[in-house]
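The structure appears right after this line, and notes come after that.
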Amino acid sequence: MKNPTARAKKRVSDFVSPDNILDSRGPENPEVRGMAYDSREVEEDFLFFALPGVHTDGHSYIPRAIEMGARVIVHSSPLDSYDPEICYLRVENSRTSMSSMAAAFYEHPSRQMIVAGVTGTDGKSSTVSYLRQLIAAAGFRCGFLSTVEFHNGEELSKNAFRQSTPEPPEVHRLLREMADRGCDYAVVEATSHGLSPRNNRLGDVDFNLGILTNISHEHLEFHGTMEQYVKDKSRLMASLSESHSVGPTAVLPAAEHYLPRFVEAAEGSRVVLYGSNTPEADYRAADIHEDEEGIRFSLHHQGESRPCFLRLQGFFNVDNALAALIAAGEMLKKPLEELIPLLPGLQAVRGRMQAVRRGQPFTALVDYAHSPGAFEKLLPLLRERCRGRLIALFGSAGERDREKRAIQGRIASHYCDMVFLCDEDPRGEDPVSILEEIAAGCEGKTPGGEPLPHSRPPGGDIQGLYHGEVRGPPGLPWQGSRRFHYLCRWSPPLGRRTGPDRCPRRFGL
């Protein structure tokens, strides 16, 4: 299969600054037509980045990359041997150097569009999608990159990477596709990993507008402290630049605890505050009412009030949609009264409060909530609506923030009648240990027995829970199977019920 990063050949001098090269060997200034950091993706006349990793070191795969056709090797560690027919470029850090090289190789596509970045702990993918939908509904071509999907202005594709923010070659290749397809606007989900200078995935994307959704406990396994987490998030606002038609603009939540840090980072940019029932917000949503049809609220700005309607569920979507609405107005230079009629057309992102309907006599919802902050928003809402028992099924990703696990267990056990814990990509960690860390926070819940076996349901997609495994319908972000390891006995939350009511080991939908 042809590597999508391949393009017309370029000389190395066209996209590599000599200031970044510590040492070079082999042929001078060869031509390359693509770049890769995975040796399996290398093709003839490619550049290969040898990246140090958590579990393996890309320098070990240099011989394989050359065998696959690499003509240029970018590396940071001295090598034992050098092929005289290969160009070797030694840099201080091959990972962080990848950004500037990828941006230049794809001819800085972000400079040809008005680009918005969306950062925050929760709500990023939804806000990215809503902003893109509003721009498209207003009649303009817009692409986006998010945890769930990519859109190049013409086609929608699944994000198949194990990263919400891909590595720079993918980021700039996708932005180039957008620019080549006539997109004047792009929206990028900007994660803390992507913004961190340690990874530098977004360091050479020219952002003109930045949106912050919120900040809560997340990814401390990488950032170490909340202080560093906030600092890395705020880099988006510090990086804002002026485009040919939009001045640097930061759209920030007025009620955010860390707001002063983001305002400080956005020095020199226009700052716009938004929020629900927040008096100090420039744009304030009030009189919020939700029913089966959706959410109605009034939007207050400069002494005027306008009615708004969303065909979405969940009060938290008001802030997500409001941030997207403000950003669309800033990017398109259109008054909000022209964009408010487009709000009812917004569609939820797949896997966000998505109902699974297979004729079962109860409600089943899939939501991406994976942080304590998201749990605190989602579960009280569902608890209020639920007329029977509320059952939560979730896990926690391996090699990610461990501190949040017990917190999520505590929140889930507080609002839910039963808690089911299952795998969520344990990576290199012991799956049962992850689940035990979550279970340690499950107050008032008693373990329901030994972990279930890893049996596979017979044939086809199973609509729900069956023999220790859950399978999602095609198209959901978690399509495929996940295994149960742990069950918790039901105990009544908040004094609502009495009696043991032990949950079964296995049950079907």
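The values are calculated or read from the model by the stated rules, or taken from the named source; none is laboratory data. Just so we're clear, the structure is a prediction, and the values are computed from it rather than from any experiment. Glycine gets a Cβ as well: all are built from the backbone with ideal geometry, and neighbour counts include every protein chain shown. The accessibility values were calculated without ligands, DNA or RNA, using every heavy atom of the protein model including side chains. Shrake-Rupley method; radii C 1.70, N 1.55, O 1.52, S 1.80 Å.
Asp287 passes all but one of (1) exposed (fewer than 12 other Cβ atoms within 10 Å of the Cβ); (2) assigned to a strand (DSSP E or B); (3) not hydrophobic (A, V, I, L, M, F, W, C); which number fails?
Evaluating Asp287 over (1) exposed (fewer than 12 other Cβ atoms within 10 Å of the Cβ); (2) assigned to a strand (DSSP E or B); (3) not hydrophobic (A, V, I, L, M, F, W, C) leaves (1) as the failure.
So which of Arg387, Arg427 is without any contact (Cβ under 8 Å) to a residue 24 or more places away in the chain, farther than 16 Å from Tyr368 by Cβ, open to solvent by 20 Å² or more (accessible area, probe 1.4 Å) and among the basic types (Lys, Arg)?
Exactly one residue qualifies, and that residue is Arg387.
Identify all residues within segment 59-95 that are within 25 Å of the chain's Cα centre (by Cα) and open to solvent by less than 40 Å² (accessible area, probe 1.4 Å); write none if there are none.
Within segment 59-95, just Ser94 meets the criteria.
So which residues in segment 380-436 are among the aromatic types (Phe, Trp, Tyr) and in contact with a Pro (Cβ under 8 Å, 6 or more places away or on another chain)? Let's see the steps before the verdict.
Of the residues in segment 380-436, the ones among the aromatic types (Phe, Trp, Tyr) are 394, 415, 420.
Matches in segment 380-436: Tyr415 only.
Considering every residue within segment 357-371, establish whether at least one is surrounded by fewer than 19 Cβ atoms within 10 Å (Cβ to Cβ), touching a His at 6+ places or on another chain (Cβ under 9 Å) and more than 30 Å from Leu145 (Cβ to Cβ).
Scanning segment 357-371, I find no residue that is surrounded by fewer than 19 Cβ atoms within 10 Å (Cβ to Cβ), touching a His at 6+ places or on another chain (Cβ under 9 Å) and more than 30 Å from Leu145 (Cβ to Cβ), so the answer is no.
Can you find, within segment 390-414, the residue that is least open to solvent (accessible area, probe 1.4 Å) among those that are among the β-branched types (Val, Ile, Thr) and over 22 Å from the mean Cα position of the chain (by Cα)?
Ile411
If you go through segment 430-440 one residue at a time, how many are in contact (Cβ under 8 Å) with a residue 12 or more places away in the chain and either open to solvent by 10 Å² or more (accessible area, probe 1.4 Å) or over 23 Å from Met226 (Cβ atoms) (or both)?
Within segment 430-440, residues that are in contact (Cβ under 8 Å) with a residue 12 or more places away in the chain and either open to solvent by 10 Å² or more (accessible area, probe 1.4 Å) or over 23 Å from Met226 (Cβ atoms) (or both) number 7.
Check Gly210, Gly143, Gly194, Gly203 and return the single one that is among the small types (Gly, Ala, Ser), closer than 25 Å to Glu256 by Cβ, touching a residue at least 12 places away in the same chain (Cβ under 8 Å) and part of a strand (DSSP E or B).
Numbers: Gly143 fails: closer than 25 Å to Glu256 by Cβ; Gly194 fails: part of a strand (DSSP E or B); Gly203 fails: part of a strand (DSSP E or B).
From the options Gly210, Gly143, Gly194, Gly203, the qualifying one is Gly210.
Among the listed residues Leu240, Leu252, identify the single one that is crowded, with 20+ Cβ neighbours inside 10 Å and under 28 Å from Glu304 (Cα atoms).
Leu252
Can you name every one of the strands (runs of 3 or more DSSP E) wholly within segment 54-135 that holds 2 or more residues which are within 28 Å of Gly153 (Cα to Cα) and small (Gly, Ala, Ser)?
Result: 114-119.
Here are the criteria: (1) within 30 Å of Glu403 (Cα to Cα); (2) crowded, with 16+ Cβ neighbours inside 10 Å. Tell me which single one Pro380 does not satisfy.
Evaluating Pro380 over (1) within 30 Å of Glu403 (Cα to Cα); (2) crowded, with 16+ Cβ neighbours inside 10 Å leaves (2) as the failure.
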